[in-house]
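Down below is the structure, laid out as structure tokens.
The values are calculated or read from the model by the stated rules, or taken from the named source; none is laboratory data. Note that this is a predicted model, so its numbers are computed, not measured. Don't worry about glycine lacking a Cβ; one is built from the backbone with ideal geometry, like all the others, and counts go over all protein chains shown. Quick note on the areas: whole protein, heavy atoms, side chains included, nothing else; ligands and nucleic acids left out. Shrake-Rupley method; radii C 1.70, N 1.55, O 1.52, S 1.80 Å.
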Amino acid sequence: MSKSNKYINLSYQLYDATEGKSELIEQTSDDKPFNFISGLGIALQAFEDNVTPLEKGANFEFDIPHDQAYGEYDGSLVIDMDKSIFAVDGKFDEEHIKKGAVVPLQNADGNRFYGHVLEISDSQVKMDLNHPLAGKDLKFKGQILDTRDATDQELSAYESMINGQGDGCGCNCEDCEHGGEHHKDGCDGSCGDNHECCGGCC
């Protein structure tokens with residue numbers, strides 16, 4: 001186990017800080033803090049770099065510019081997809097694929113990513129495949145609730161989750177159909193079939 005593998009439990013508020021804004025995007029709740037192990041690529045590197053050195057009880061506030069977060073918004077990633085892709089038992093999945101929904105997808109190579117449904121026509125679904133936070137400068141505020149060296153058991157469990165060998169998401173997901181904004185994918189595909197995969201950690 002590397003010294004860089006810290007088990008970190010924290011609460012946070014995430015703000016859109018683009019062009020001087022301070023708009024709350026998401027936050028943890030008292031009963032559902034965020035925990036992860038550093039050094040595994042679960043969180044943004046800039047996020048890890050800011051919170052890993054901190055001690056238990058420390059408060060933090062830091063900015064991550066978009067080029068260190070999710071990059072520029074790319075208009076070429078807005079594409080039309082055939083509605084048949086989203087069929088379950090031969091019928092279009094109207095329950096999950098609706099305008100405004102953010103849904104986890106998987107390509108032929110097994111890579112998982114999110115799509116934001118912009119429009120639905122008779123034959124196609126217009127999807128925005130940019131990360132929801134693409135082009136946004138981020139601000140995090142929060143507190144370190146616990147930090148310590150990760151145990152070999154914890155490290156093994158997280159690595160299995162990342163490699164898709166776990167029993168589920170392996171995170172504190174309230175609803176496995178919703179993934180968090182600033183974490184990488186780590187689902188084993190057991191949350192559902194076709195596009196209905198949990199897609200990542202919360």
(request) Please list, or write none, the lysines whose alpha carbon is within less than 21 Å of the alpha carbon of residue 91, excluding same-chain residues fewer than 8 places away. (result) 83, 99, 126
(message) Bins of 5 Å, beginning at zero and ending with the bin holding the largest distance: percent of Cα pairs per bin for segment 47-94, please.
(response) 5, 13, 13, 10, 9, 10, 9, 10, 11, 9, 2
(message) Just to confirm my numbers, what's the Cα centroid distance between segment 12-82 and segment 87-114 in Å?
(response) 24
(message) Can you give me the solvent accessible area of residue 80 with a 1.4 Å probe, rounded to the nearest 10 Å²?
(response) 80
(request) Using only the alpha carbons of segment 26-118, determine the length spanned along each of the three principal axes and report them from longest to shortest in whole angstroms. (result) 53, 33, 25
(request) Give a quick list of trypsin sites (Lys or Arg not before Pro) in segment 39-98 that DSSP marks as loop, anything other than H, G, I, E or B, with at most 13 other Cβ atoms within 10 Å. (result) 56, 98
(message) What is the sum of charges, Lys and Arg at +1 and Asp and Glu at -1, for the other residues whose Cβ falls under 15 Å from the Cβ of residue 120?
(response) -3
(request) On the full set of protein chains, 1.4 Å probe, figure out the accessible area of residue 81 and give it in Å² to the nearest 10. (result) 30
(request) Under 27 Å Cα to Cα from residue 141, which lysines show up? Leave out anything in the same chain fewer than 8 places away. (result) 3, 6, 21, 32, 56, 184
